[in-house]
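Asker: Have a look at the structure that comes next, please.
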Amino acid sequence: MRLVTFRIGGVENAPPARAGALTDGGRTVVQLAAPSVLAIVEGGPNAMDRAAEALKRPSREAIFPIEQVTLLAPIPQPPQMRDFLCFEKHLQQAFAAVAKLRGTEARIPKIWYERPIYYHPNRFNVCGTGADVPWPAYSERMDFELEFGCYIGKAGKDIPRERVREHIFGYTIFNDFSARDEQTLEMMGQLGPGKGKDFDNSNVMGPCLVTADELTDPYSLEMKVRVNGEEWGRGNSRDMHWKFEDCIAHVSRSETLHPGEFFGSGTVGNGCGLEHMKFLKPGDVVELEVEGIGTLKNRVVR
């Protein structure tokens with residue numbers, strides 16, 4: 001199932017958000033009875049069964065052509081977000097680029113090879129495909145990040161690595177927009193990103209949430225990024241050094257995870273402008289495509 005949160009029409013009049021599912025190859029949205037996608041995730045198998053049954057015989061009033069709706073993030077405000085650094089190639093290339101900017105030596109910290117490293121993105125800065133991303137006033141170097149991620153479907157604590165898949169509800173695409181000049185400065189404080197990542201609409205997710213039963217192998221997905229129609233980079237999820245099994249098992253140590261929480265993969269190798277020393281310009285349109293999930297498209301505006 002490909003779950004979405006949507007509004008009928010545009011965002012100007014802010015009509016109520018509704019839970020739905022993409023059908024007919026993504027050309028149609030069927031409204032579901034659940035109050036939200038998060039409620040479906042929290043409701044577990046019974047909620048999924050009700051959603052599947054509704055898709056078999058939808059009423060005419062519940063069917064909307066995709067052109068008549070605005071897609072929001074699948075879960076507009078996830079209960080919690082974590083974004084990891086799972087791809088070694090991205091780190092190698094990004095560290096080399098930052099070292100060039102600073103005039104220092106490039107070296108991946110030893111700790112990265114010992115445990116999954118993550119930070120908490122701001123869950124209130126989430127938006128969906130098609131939304132404009134305002135350029136932060138304090139930045140001159142805007143960048144994108146080609147990522148995907150998973151949602152927790154079942155609560156758990158001290159989850160063994162071999163049982164993590166039981167706790168994954170589904171997957172989506174994630175674009176972690178970044179103010180690279182600000183991030184480069186503040187990371188020197190060794191506390192993690194702040195305003196380099198935190199600004200309105202900086203965390204883009206979507207276009208849908210693909211349930212785990214439809215994406216049985218998340219580690220063989222082709223990933224591409226285009227800017228104004230030109231391909232800037234591509235990679236594959238098979239190159240993840242740390243898998244979601246590692247990340248979830250690590251975080252759940254002495255900590256309870258809850259339905260709807262999001263775990264980001266971090267940027268795939270070649271998946272951001274920094275790695276190539278190419279940055280965005282106002283008005284640029286960024287498209288992230290991940291096999292089996294779809295395309296996430298946004299414009300940066302100043």
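None of the figures in this text is laboratory data; all of them are computed from the coordinates on show. Since we're looking at a predicted model, the values are computed, not measured. A quick note on method: Cβ atoms are made from the backbone with ideal geometry, for glycine too, and the neighbour counts reach across all protein chains shown.
Asker: Can you give the helix-only mean residue ellipticity at 222 nm for the chain, where every DSSP H stretch with n ≥ 4 adds -39500 (n - 2.57) and the sum goes over all residues, rounded to the nearest 500 deg cm²/dmol? Let's see the in-between values first.
Answerer: Details: 4 runs with 50 residues, N = 302.
For the chain, the value works out to -5000 deg cm²/dmol.
Asker: How many nm is it between the label spots at residue 50 and residue 291, if each spot is 7 Å from the Cα in line with the beta carbon?
Answerer: 3.7 nm
Asker: Give me the three principal axis extents of segment 184-302 from the C-alpha atoms, as integers in angstrom, largest value leading.
Answerer: So the three principal-axis extents are 43, 38, 25 Å.
Asker: Would you give the gap between the C-alpha center of segment 283-302 and the C-alpha center of segment 121-156, rounded to a whole Å?
Answerer: So the two Cα centres are separated by 11 Å.
Asker: What is the distance, in nm, between label points placed 7 Å from the Cα along the Cα-to-Cβ direction at residue 238 and at residue 63?
Answerer: For residue 238 paired with residue 63, the spin-label model returns 4.0 nm.
Asker: For segment 222-261, what is the Kirkwood estimate of the hydrodynamic radius, computed as the reciprocal of the mean inverse distance between distinct Cα atoms, to one decimal in Å? Please list the in-between numbers first.
Answerer: Numbers: mean 1/r = 0.0776 Å⁻¹.
So the Kirkwood estimate lands at 12.9 Å.
Asker: Let's see if you can work this out: charge +1 on each Lys and Arg Cβ, -1 on each Asp and Glu Cβ, no other charges. What is the dipole magnitude of segment 2-71 about its Cα centre, in debye to the nearest 20?
Answerer: Values: 8 positive and 7 negative charges, 27 e Å.
It works out to roughly 140 debye.
Asker: In what order do 84, 263 fall by count of nearby beta-carbon atoms within 10 Å, going from fewest to most?
Answerer: Details: 84 22, 263 26.
Starting with the residue having the fewest Cβ neighbours, the order is 84, 263.
Asker: Now for a separate question. Do the alpha carbons of any pairs in 110/197; 157/297; 154/278; 89/278 sit beyond 29 Å of each other, and which pairs?
Answerer: Numbers: 110/197 24 Å; 157/297 35 Å; 154/278 40 Å; 89/278 17 Å.
Among 110/197; 157/297; 154/278; 89/278, the Cα-Cα distance tops 29 Å for 157/297; 154/278.
Asker: Sticking with this one: Considering only C-alpha atoms, what is the centroid distance from segment 22-92 to segment 162-184, in Å?
Answerer: Taking the Cα centre of segment 162-184 as reference, the centre of segment 22-92 is 17 Å away.
Asker: Follow-up question, since we're still on this one. Express the relative contact order of the chain as a whole percentage, based on alpha carbon pairs under 8 Å and six or more residues apart in sequence.
Answerer: Values: 732 pairs, mean separation 73.8, N = 302.
Rounded, it is 24 percent for the chain.
Asker: Can you tell me the relative contact order of segment 70-127? Whole percent, Cα pairs under 8 Å, sequence separation 6 or more.
Answerer: Values: 46 pairs, mean separation 31.5, N = 58.
Here the relative contact order equals 54 percent.
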